[in-house]
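The values are calculated or read from the model by the stated rules, or taken from the named source; none is laboratory data. This one's a predicted model, so the numbers in the text were calculated from it and none came from an experiment. Note that each Cβ is placed from the backbone with ideal geometry, even for glycine, and that neighbours are counted across all protein chains shown.
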Amino acid sequence: MRTPMKLLPLGVAILLFACTPALKTDKLAESLGDLTPPMAKIIPRQLEKHGDVRTDDYYWLRERENPEVIAYLEAENKYTQQMMAHTEKLQAKLFNEIKGRIKQDDSSVPYKKDDYYYYTRYEDGKEYPIYCRKKESLENPEEIMLDVNVLAEGHDFFSVWGVVVSSGQDLLAFGADTVGRRIYTIHFKNLTTGAMIEEVIPSVTGMSAWANDNKTLFYVKQDPSTLRWYQIYRHELGTDPAGDELVFQEDDETFSCYVFKTKSKRFIMIASYQTLSSEYRYIDADRPLDEFVVLQERQRDHEYDVDHLGDKFYVRTNHEAQNFRLMETPVTATGMANWTELVPHRDDVLLSNFELFQDHLVLQERKEGLVHIRTINWDGSGEHYLDFGEPAYLAYIGDNPIQDTQILRYGYTSMTTPNSTYDYDMVTHEKTLMKQDEVLGGFDSGDYETERLYAAARDGIQVPISIVYRKGIKKDGSNPLMLYGYGSYGSSENATFSASRVSLLDRGFVYAIAHIRGGQEMGRWWYEDGKLLKKKNTFTDFIDCGEYLVEEGYTSPERLFAQGGSAGGLLVGAVMNMRPDLFKGIVTRVPWVDVVTTMLDEDIPLTTSEYDEWGNPNEKEYYDYMLSYSPYDQVTARDYPNLLVTTSLHDSQVQYWEPAKWVAKLRALKTDNNRLLLKTDMEAGHGGASGRYKRYRDTTFYYAFLLDLAGIKE
């Protein structure tokens, strides 16, 4: 999750930080002079629930418009900058190293859709992508649809999302966000003349879908308070958006909705979804004024998703199938009573995705933590799996907008293999490497080694760990090791390549991913076993993985570091309270750490839609359980590891005040002299900086924090 909360109405005036007597945070501070960390002023506030009274001393920090709150965040930034000043040369070196490793004038592999080949590219020295296409042949002249560098001029933050071309291939719709709060304005461009169209649709999600009449656009609006996606509107180009018709509203506050067009281009679909249920409705894309029809009514604990081919809908469903199965149903009779099983459920295989072609069905499956891709001939003449041949990797179905083809595009990467795009002939079984991301600066994948390990959790479950390091390390406990985890929402963490990570590996770091419960790596049950009243399995799995890596000699507690962001920030925050002695340092980005307070606030993003993920704290059983692991609530007077916390002022997922409150409370209570740094991006949102060079600098900052703590000097 990633948001904050409200318990009682705001009230109580606020004041900012007051400097307390000099508090040296470590020996480094002594060498730099009298550095005093900012201290947030304590304004106690009682939060009552279920007969329990908690005191939140830093509740006032949520007052985003209060100039004293801004001053406090800026004071923390200044302190962080001072504490990291001695690493500036290292940061500069890391930045140039990372930038020099990544091809700056790169482009994606073009994919064919209708009459054009589409791709994006970057130019050397520029922050943002350029969206391009070529008609009929890659030998033809390039047409620039959108140069985001031009659009971003004059903005500190700029994000483009939801770029869609109309059915006539002559109109472009795209969303632009200049704040970072994921509130977009949809703009239109005439691709024939190259001119921007004056009309815009403000304050929307940016997601949209064109009907087949080449003038009607369906788009999604969010609730202005909670940012929940809950309304679908229909807009006709050339008319005033103020008069757009609302075609669907999701009134259940635990659900969100979005709109898309099927791969076949025949249907416009509206999907309503929440943690445990989903529901689809559809119209013929040739008839945009029709009323949407429900495909299968929502049911508690029933999740399904849909695509279309020929005269059938294809449905991936968990009805009587924990790991999902694939069904088909006529477009004229879509209710569950008409569904016929196509791919049965398997206890040991999660069906995670499917792709429809005229002559082939492609399945993306997950078994024992790894993705497998299976192709099946519709005529029954055979099926087979693609071979990947590494112990830890990620394979995934890529851009395949055409149904009438025997070519499957897929992606492949591992912890030693840069991201690669392949075209695979499903008839001849021939693979063609279309592109592998170029890693400059003398990188050789043969210099690195990846492994798949298994750590025994305290309840006997085997937890997978993907690990990579530079060849030649000794397993004598002397290696610094970064352990990364997430473990929420059924999101599976994959063993992928990172060009920037090479800077850590080349300096002796080992990098490991703990595939803990709460994700879906080992099947749906792996997710179910790490949510709600079993959430603590996520935290203990991570601790057990850390202890295993120490026992096996990959590292030691004096050299072990942890990283997690957003809900992964909850993970490392909880782990830090449970086993602070196990880690030398922790880096957490936009961490969700104030669990109970946030989940009691129904007026902020994500709360009501996530009761089935975390529990509803209005029920005492869930309130007590969540309170028992909430990182903010469990801070006590004890020693903690070194900690770097980053956040963004305009974050719509985890509001900035969660990490700000957490750091303030830690400053007041912790008993150690370790570093505690808070860095707030005053211009960005949940995803951080919008430009690629700014993102490189964010990465080099936390790398420098780690390397400095590990005692690795240049």
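Which members of region 400-420 meet the condition of being of a type in the set (A, V, I, L, M, F, W, C) and under 21 Å from the mean Cα position of the chain (by Cα)? Show your work before the answer.
Within region 400-420, the first condition is being of a type in the set (A, V, I, L, M, F, W, C), and the residues that meet it are 402, 407-408, 415.
Passing the criteria: only M415.
The residues in region 502-517 that are among the basic types (K, R) and under 27 Å from A456 (Cα atoms) can be counted, and the count is 1.
Residues checked against (1) touching a residue at least 12 places away in the same chain (Cβ under 8 Å); (2) touching a Ser or Thr at 6+ places or on another chain (Cβ under 7 Å):
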{"position": "G335", "(1), (2)": "yes, no"}
{"position": "V343", "(1), (2)": "yes, no"}
{"position": "N353", "(1), (2)": "yes, no"}
{"position": "V362", "(1), (2)": "yes, yes"}
{"position": "S381", "(1), (2)": "no, no"}
{"position": "F388", "(1), (2)": "yes, no"}
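The residue pairs whose first member lies in region 144-172 and is part of a loop (DSSP other than H, G, I, E, B) and surrounded by 14 or more Cβ atoms within 10 Å (Cβ to Cβ), whose second member is aromatic (F, W, Y) and at pLDDT 95 or above, and whose beta carbons are closer than 6 Å, counting only pairs six or more residues apart or on different chains, are S166/W210; S167/W210. Screening region 225-258 for residues that are hydrophobic (A, V, I, L, M, F, W, C) and under 32 Å from the mean Cα position of the chain (by Cα) and picking the one that is farthest from L289 (Cα to Cα) gives L227. Selection of region 204-224 for residues being within 24 Å of the chain's Cα centre (by Cα) and basic (K, R) yields only K221. Pairs are defined by a Cβ separation below 7 Å, a sequence spacing of at least 6 or placement on different chains, a first member in region 540-559 that is among the aliphatic types (A, V, I, L, M), and a second member that is surrounded by fewer than 18 Cβ atoms within 10 Å (Cβ to Cβ) and not in a loop (DSSP other than H, G, I, E, B); the pairs so defined are I543/M578.
How many residues does region 653-675 contain that are under 25 Å from the mean Cα position of the chain (by Cα) and assigned to a loop (DSSP other than H, G, I, E, B)?
4
Give the residue, chosen from N323, N338, that is of a type outside the set (A, V, I, L, M, F, W, C) and either closer than 18 Å to E303 by Cβ or in contact with an Asp or Glu (Cβ under 7 Å, 6 or more places away or on another chain) (or both). Exactly one of N323, N338 is of a type outside the set (A, V, I, L, M, F, W, C) and either closer than 18 Å to E303 by Cβ or in contact with an Asp or Glu (Cβ under 7 Å, 6 or more places away or on another chain) (or both), namely N323.
Taken over region 362-408, the residue count meeting the criterion of being surrounded by fewer than 20 Cβ atoms within 10 Å (Cβ to Cβ), closer than 25 Å to S466 by Cβ and charged (D, E, K, R) is 5. Out of everything in region 100-139 that is touching a Leu at 6+ places or on another chain (Cβ under 7 Å) and among the hydroxyl-bearing types (S, T, Y), what residue ends up being surrounded by the most Cβ atoms within 10 Å (Cβ to Cβ)? In this case the residue turns out to be Y131. Before we move on, is V247 under 30 Å from K112 (Cα atoms), crowded, with 20+ Cβ neighbours inside 10 Å, touching a residue at least 40 places away in the same chain (Cβ under 8 Å) and touching a strand residue (DSSP E or B) at 6+ places or on another chain (Cβ under 7 Å)? Here the answer is no, as V247 does not meet what is asked.
When you scan region 637-652, do you find a residue that is among the acidic types (D, E), crowded, with 20+ Cβ neighbours inside 10 Å and outside any helix (DSSP H, G or I), even just one? Within region 637-652, one or more residues are among the acidic types (D, E), crowded, with 20+ Cβ neighbours inside 10 Å and outside any helix (DSSP H, G or I).
Test T450 against the criterion of being among the β-branched types (V, I, T) and surrounded by 19 or more Cβ atoms within 10 Å (Cβ to Cβ), and give yes or no.
Values: among the β-branched types (V, I, T): yes; surrounded by 19 or more Cβ atoms within 10 Å (Cβ to Cβ): yes.
So T450 fits the description; yes.
Residues in region 188-205 that are in contact with a Ser or Thr (Cβ under 8 Å, 6 or more places away or on another chain) and buried (at least 19 other Cβ atoms within 10 Å of the Cβ): I201, V204. In region 409-437, the residues that are in the same structural domain as K471 (by TED's automatic domain parsing) never reach a residue that is in a strand (DSSP E or B) and among the aliphatic types (A, V, I, L, M) with C-beta atoms less than 6 angstrom apart, at least six apart or across chains.
Looking at region 618-630 only, could you name the residues that are surrounded by fewer than 22 Cβ atoms within 10 Å (Cβ to Cβ) and in a loop (DSSP other than H, G, I, E, B)? Don't jump to the end; show me each part of the working.
So in region 618-630, the residues surrounded by fewer than 22 Cβ atoms within 10 Å (Cβ to Cβ) come out as 618-625, 627-629.
If the condition is that a residue be surrounded by fewer than 22 Cβ atoms within 10 Å (Cβ to Cβ) and in a loop (DSSP other than H, G, I, E, B), then N618, E619 are the ones that fit.
Screening D633 on (1) in a loop (DSSP other than H, G, I, E, B); (2) touching a Gly at 6+ places or on another chain (Cβ under 6 Å) shows it passes everything except condition (2).
Within region 491-527, the set of residues being surrounded by 20 or more Cβ atoms within 10 Å (Cβ to Cβ) and at positive phi comprises G518, G523.
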